[in-house]
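Just below is one structure, and these are the notes that go with it.
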Amino acid sequence: MPFIIGCSILSYIRNKRQLKPFDTPLRAKGFYMEIFNCLILRSAKWGIALSDRQNHFADKIRIFDTTLRDGEQTPGVSLTPEKKVLIAKKLDELGVDIIEAGFAAASEGEMKAIKLITKENLRAEICSFARGVKDDIDAALKCDVDSVFLVIPASDIQIKSKFKRSREEVLKITERFVEYAKDHGLIVEFGPEDATRSDMSFLKEIIKTALSAGADRITPPDTVGILTPERAYNFFLELRQSFPGVVFGVHCHDDFGLASANTLAALRAGAEVAHVTVNGLGERAGNAPLEEVVMSLKLQYNVNTSIRTELLYETSLLVSRLTGIPVQPNKAIVGENAFTHESGIHTHAILVDPSTYEAIMPEMVGRVRRLVVGKHAGAHGIRAALMEMGINPTEEQLKEIFRRVKEIGDKGKRVTDADLRAIAEEVIGVSSAQQIMLEELTVITGNRVTPTASVRLKISNNVITEAATGVGPVDAAMNAIRKAIFAVEPIHLEEYNVKAITGGTDAVVEVIVKLRKGDKIVTAMGVHEDIVMASVNAMMRGINILMGNKFTSSVRRTEGL
Ligand SMILES: [Zn+2]
C-alpha cells in the first residue's frame, strides 16, 4: 500500500510538473508508473492495461477531419472543387463531426470549393482555416462556413521568424480577430501555432486572451510533430487543469511516426476534438490518420466516436484515388496487406479461428480477409484459395500445386490468383477453356480526339459489343470491358498497378489488377509490350476467374438480338 501511495505521488508530481519541449520523463519514473499501472489496472479488450486514474477521456470524442485542408497540403496534391465536394460528402457519410473544407483565402478555386461544400447542407460542421488576418475571416464568411480554425503563431521561433512581431502584438491580434470572427457569428476554434515548442506561460496567456475574446475551442497544434505520448499527455493535462471546462482539440503531425499515439495520449488527458486526415495525408510526414485514431479509440480504449467504421476502407480508397496518393501496402487498417495472410502457419490458424492472427475483424472496417498464395503459403492456404475458385484437388494434386507455387515464389515472382488457377488446372489436367474471350479490341487516341475503345467479347455462345471513352487509351479500353461485363456480372476494378520490366518505350509492361465481385477478390497479371494489351489481358484473366463456373447465359445485350 505505501508503495501504491508512493507511485501516486510520483504520478501527481509528474502531471503537475511544467512541461518543457523535448523534456524526457526519467526512466525510473517510467518504471514505477508501469508498476503503478499494473497494480490498479483495468483490463481492457485483449488484456491491454489501463489505469482509470490516468484516463480522462471525454464521453464522446469529436472527429475534426482536415483531409481537405492539411491533407491537401500534401506535396503533389491539388484537388479540384468537384473532387473536394465528393470527399466532403463521403466524410459526412462516414460520420465526421467537423470538416475543415479548406483555406478560403488561399485562392479563387479554394473559395469555390468551400462554397460548393457549404451548399451541400451536410450534417457536419464546415470549417475554414484562417490566419490572424481580416481578409482570411472575410473569405471564410463569404463561403458561409460554420466555423474557422483560426491559427496564430505562439512559439518564439514562429513569432520572430515568420510573424516578425512581438508577443504583445500577437496577443492583440488574437483578441482582435477572435472577437471579429465571433461578432460575425462564427464558431472559433483557436490554434496557437507551434504550441508544443512555445513557452508554456506565454501559451497560457494567448489561450486566456482567445478565451476572453470568445473562442469556443482551443487546439494547440503540434506543428512540427515533436511530441511523444508522455509529453502529449502531460501537456494536455496541464492545459486542462489550467483552463477547466474548456474544450481542447489535438492536432498532431507524424514526423516521428507518433501522430496517432500522441493524439490518443492527448485524448486520454481529456482533449475532446481529434484533428485527423484520411490515410494520414498532410504536410511532410502527414497528420494523424483518421482510421488509426478511430479504431484505437473503439477497440483499445472502448471510447465512442460518431464514425461509421464500416465505411473506413471505401473512404480511404476514394481519397487515395482522388488525390493520386497511394496507400502503402502495410498501412494499418486501410493498407492492402492489413487483412491479407500469406504465411503458411498463419493461414492455417486463420482458417480455424480468424482471431488467432487478426486484432480487428475486417468487416468492422469494410474489408474482407484475403488469403494469398506465395512462397510462405502453406498447403491449407492454397487449398482454401482453390476452393474459393471452385477447384477441389486431391491430396496428391495439392502437393504438386504446392511445389510449383513455392518454385515460382522462390524465383522472387508474385503468384497471382490467375497463376494459381493456371497451375492447378495444369496439374489436375482439366483446362477449363476461358469462358469469356476477347474477340476484338479497337482503341482510338490522339491529341484532338477523346480516347475511345470498343470491344467485342464472346461469352459462351453470345457476343457482346460495347464502347466507352476514358482519360487515355488504357482507361477507355478498361471502361469498355467493364461496361460489357457489367451487363452480365457486377465486377469492380479495385486496383490497377503497372510497371515496366525493362527500360525504353518498347519495354515489356506488367500490369496487375485486383478485381472484386461482391466480397470475392482476385488478382491477375497481364504482360505485353503494349500497355493497353497488358491491361486488357490482366483484366480478362481476372474476370474469367471471378466468373468461375457461375456463368449463366443471361446476357443482356447480345449481337443479333
Ligand atoms: Zn497541421
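The values are calculated or read from the model by the stated rules, or taken from the named source; none is laboratory data. Just so it is clear, the structure is predicted and the values come from calculations on it, not from any experiment. Note that we place each Cβ from the backbone using ideal geometry, even for glycine, and neighbour counts take in every protein chain shown.
Below is a table of values for the structure above.
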read-out	value
Residue satisfying all of: in the stretch 97-109; out of contact with any helix residue (DSSP H, G or I) (no Cβ under 8 Å at 6 or more places or on another chain) and more than 12 Å from residue 127 (Cα to Cα); surrounded by the most Cβ atoms within 10 Å (Cβ to Cβ) among these	106
Any hit, the stretch 354-376, residues being modelled with pLDDT of 90 or more, among the basic types (Lys, Arg) and either in the same structural domain as residue 409 (by TED's automatic domain parsing) or within 16 Å of the ligand (Cβ to nearest atom) (or both)	yes
Residue satisfying condition, being of a type in the set (Ser, Thr, Tyr), more than 19 Å from residue 388 (Cβ to Cβ) and under 14 Å from the mean Cα position of the chain (by Cα), within set 306, 316	316
Identity of the residue in the stretch 56-75, assigned to a loop (DSSP other than H, G, I, E, B) and away from the ligand (no atom under 16 Å from the Cβ), that ends up nearest to residue 325 (Cα to Cα)	61
Any hit, the stretch 464-471, residues being surrounded by fewer than 17 Cβ atoms within 10 Å (Cβ to Cβ) and among the hydroxyl-bearing types (Ser, Thr, Tyr)	yes
Residues of the stretch 199-223 satisfying the condition of being among the hydrophobic types (A, V, I, L, M, F, W, C) and more than 16 Å from the ligand (Cβ to nearest atom)	200, 202, 203, 206, 207, 210, 211, 213, 215
Hits in the stretch 76-116 - residues which are within 16 Å of the ligand (Cβ to nearest atom), at negative phi and touching an Asp or Glu at 6+ places or on another chain (Cβ under 8 Å)	98, 99, 100, 103
Hits in the stretch 100-127 (condition: in a strand (DSSP E or B) and among the acidic types (Asp, Glu))	100, 125
Count of residues meeting criterion [farther than 20 Å from residue 460 by Cα and at pLDDT 80 or above] in the stretch 423-434	5
Selection count where residues are without any contact (Cβ under 8 Å) to a residue 12 or more places away in the chain, in a loop (DSSP other than H, G, I, E, B) and either surrounded by 13 or more Cβ atoms within 10 Å (Cβ to Cβ) or touching a helix residue (DSSP H, G or I) at 6+ places or on another chain (Cβ under 7 Å) (or both), scope the stretch 393-431	2
The listed residue being among the aliphatic types (A, V, I, L, M) and under 28 Å from residue 304 (Cβ atoms), out of 113, 101, 105	101
Residue check for residue 130: closer than 19 Å to residue 274 by Cβ and either in a loop (DSSP other than H, G, I, E, B) or not β-branched (Val, Ile, Thr) (or both)	no
Flag if residue 192 is modelled with pLDDT of 95 or more and within 16 Å of the ligand (Cβ to nearest atom)	yes
Helices (runs of 4 or more DSSP H) lying entirely in the stretch 230-339 (those with 1 or more residues that are more than 16 Å from the ligand (Cβ to nearest atom) and among the basic types (Lys, Arg))	259-268, 312-323
Residues that are surrounded by fewer than 17 Cβ atoms within 10 Å (Cβ to Cβ) and in contact (Cβ under 8 Å) with a residue 12 or more places away in the chain, drawn from the stretch 446-459	450, 458
